[in-house]
Amino acid sequence: MVWGLAAALASGITRDVRFLAAALLFFGWFVHRSGSTKRQSVALAVLAVLFFFYGYLTIRAHEQKMGIFKSLALGSADPICLDGWVSSFPRYRYGGMSFVLTTHLDDLPTEILVRTKEYFVQYGDSLSTRGRIYRQRPDRQTSYARYLCGRGLVGEVRVPPAGVSRADGQNGGWLARLVFWPIHDRIRRELVMALGARAGLPVALLLGERGYLDRGTRDAFTRLGISHLLALSGLHLGFVAGFLLIVWRLLRFRNRFLLIVPLSAYVGVVGFIISLTRALVMAVLLIVASVIHRPLNAVAALGNAFVLILLFRPWAFYSVGFQLSFLATYAVLLCVSSMDFKKGKDLAGRIWQGIRSSLLVSASAQLWVAPIILHYFGRVSLLSPISTLVFVFPVAFLLLGSGLCVGLAIVWPAAGNAAFGGLDLAVRVFDAILERAELLSPARVALPEPNIYLYYTGVVMLFYARQKRWRKTAAVVLMLVAFVLSYGA
């Protein structure tokens, strides 16, 4: 049911009525199969239509603000003055920083990306800025506009250091301003001061800030097809949750509900980015369901997270990271649910089963996200499943090791300095392995973009063929194929 509402909401955001029709068809099938009353079917259909218009009107209002900013950019080449407050955690990099400034254009609250070489800006500060509107190259205007829209931004302003001045007052939530942001800033400063030029990877894995990463490391991750390991998501939150569960067991804590507190704190310290927020919503729903002894399907929890995030930030649907994150997670959940986890008879059998299962999960995720990657980037890495299997555990080690080193440095500086020495060695070894792997790996392959509807129809058919559920789902698959073909996708 929740996926039907998600489809209706997405159809309103994209203004594609076909998804709304598919959602209403899904509700009719759901009510018929569950034996519910016609009133429930009508209620769900009305709710789907409301979701459609909510998404449609929200995106239309956002496009209206983008039009106002565009007319402002075309109207004058002089620097513009904007008054507002810092509504995102500032992202530092060598040579400057960037943050989101919430201001007003024609009495409409608007979020604008600000890039500056000033360093004193803090989350929640009220600022007065004076800078020039940034205009992307003509060949990149469409993709850049989509990038801004995916973050809920209407444009970008480049501000010199002299163009930033503080104003009176503080804004934003008190918890983020007084707790999460100071911790975020302290962690970054500890890592940069201890590791110097090698702090880029720990900062990116722990806080999601890629400004300190050198171009060589970024290119290596891209060539190997493991850029998703740099984007904080459910995988990284799973590493943190696994570590906390080990600590829970050592301390003999049996209340799993308390796990929500440290996971929420970590997501808050990072800055409530969408991919981590999605993973947190799923984790909270599953933990609550297990505590109250009510079963909850992980795929249903993913749908709940999808709907909740789009209700608060509908424009996130246009974000490439949002699309890749949800598709990859959906593929992993489907693959894991179809696996047989019987233990092998000997050690070699268990090791082979673990490697095979990991490869299947990684390949399944790559299969589901391939059309999106080809649409935006035009190239894919054929070694991505194997590269992911090789580097996922070193990434987990660096993530958890960075957090432990920072914690020791704050609590016990002497032990923290020794731990940072070990972390610096680990980063050096990781960089050496990454460099060798990049030299041995082939270049990414350029492939034509597939028909996305027919592609996913084939993927669904392959999944059900593997599940041996053709008799129960043949009608649904045929209906899906007929729907795609009838609309000439």
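Estimate the FRET efficiency between D78 and L175 by the formula 1/(1 + (r/R0)^6), using the beta-carbon distance for r and 51 Å for R0, to the nearest 0.05.
Between D78 and L175 the formula returns 0.85.
Under a no-solvent Debye model with one identical scatterer per Cα of the stretch 77-172, what's log10 I(q)/I(0) at q = 0.14 Å⁻¹?
-0.49
For the stretch 294-428, just run the numbers: alpha carbon Rg, then divide by 2.2 N^0.38 Å, N being how many residues it has.
In units of the globular-protein estimate, the stretch 294-428 measures up at 1.37.
Could you run the Karplus curve 6.51 cos²θ - 1.76 cosθ + 1.60 with θ = phi - 60° over the stretch 152-166 and give me ³J(HN,Hα) per residue in whole Hz, x for Gly and Pro?
Values per residue, Gly and Pro as x: x, 9, 9, x, 10, 10, 9, 10, x, x, 6, x, 10, 9, 6 Hz.
Hey, of (1) 81, 68, 44; (2) 68, 63, 49; (3) 67, 45, 39, which did the structure itself give for Cα extents along the principal axes in Å when calculated?
The listed entry that was calculated here is (2).
In percent, how large is the relative contact order of the stretch 1-75, given Cα pairs closer than 8 Å and 6 or more residues apart?
This gives 38 percent for the stretch 1-75.
Which ³J(HN,Hα) values in Hz, rounded to whole numbers, follow from the phi angles of the stretch 246-255 under the Karplus curve 6.51 cos²θ - 1.76 cosθ + 1.60, where θ = phi - 60° and Gly and Pro get x?
Those phi angles translate into 5, 5, 4, 5, 5, 8, 6, 7, 10, 8 Hz.
Which value in nm describes the separation of the simple spin-label points at N417 and M461, placed 7 Å from the Cα toward the beta carbon?
If labels sit at N417 and M461, their model points lie 6.7 nm apart.
Can you give me the long-range amide H partners of L127? Hydrogens built in the peptide plane at 1.01 Å from N, cutoff under 5 Å, separation of 5 or more residues or another chain.
The list, which skips near neighbours in sequence, is G84, W85, V86, A167.
From the Cα trace of the stretch 1-75, what convex hull volume per residue do you get, rounded to a whole Å³?
61 Å³
Arranged by the count of other C-beta atoms within 10 angstrom, fewest first, what order do R436, R93 take?
Working: R436 11, R93 15.
Ordered from fewest to most neighbouring Cβ atoms within 10 Å, R436, R93 come out as R436, R93.
Using Cα pairs closer than 8 Å and at least 6 residues apart in sequence, work out the relative contact order for the chain, in percent.
About 13 percent, as a whole number.
Using only the Cα atoms, what convex hull volume per residue in Å³ does the stretch 181-446 have?
157 Å³
So if I restrict to the alpha-carbon atoms in the stretch 198-288, what is the Rg, and what is Dmax, the biggest pairwise distance, in Å?
Every Cα atom of the stretch 198-288 included, Rg and Dmax give 14.9, 45 Å.
Give me the distance between the Cα centres of the stretch 372-427 and the stretch 300-314, rounded to whole Å.
Here the two parts' Cα centres lie 28 Å apart.
If r is the Cβ-Cβ distance from L251 to S290 and R0 is 22 Å, what FRET efficiency results, to the nearest 0.05? Intermediate values should be presented prior to the final figure.
Values: r = 19 Å, r/R0 = 0.88.
Here the calculated transfer efficiency is 0.70.
Roughly what would the spin-label model give for V261 and A61, points 7 Å off Cα along C-beta, in nm?
With each label point 7 Å from Cα toward Cβ, the separation is 3.7 nm.
Under 20 Å from the Cα of K70, which aspartates and glutamates turn up, not counting those fewer than eight places away in the same chain?
Partners found: D78, D83, D106, D107, E111, D139, E156.
Under a plain spin-label model, where a point goes 7 Å from the Cα along Cα-to-Cβ, how far apart in nm are R130 and I452?
Between R130 and I452, the label points sit 4.4 nm apart.
Every read-out reported here was derived from the displayed coordinates using simple, explicitly stated rules and does not represent laboratory data. Note that the structure is predicted; figures quoted are calculated from it, not measured. For neighbour counting, all protein chains shown are included, and Cβ atoms are generated from backbone atoms with ideal geometry for every residue, glycine included.
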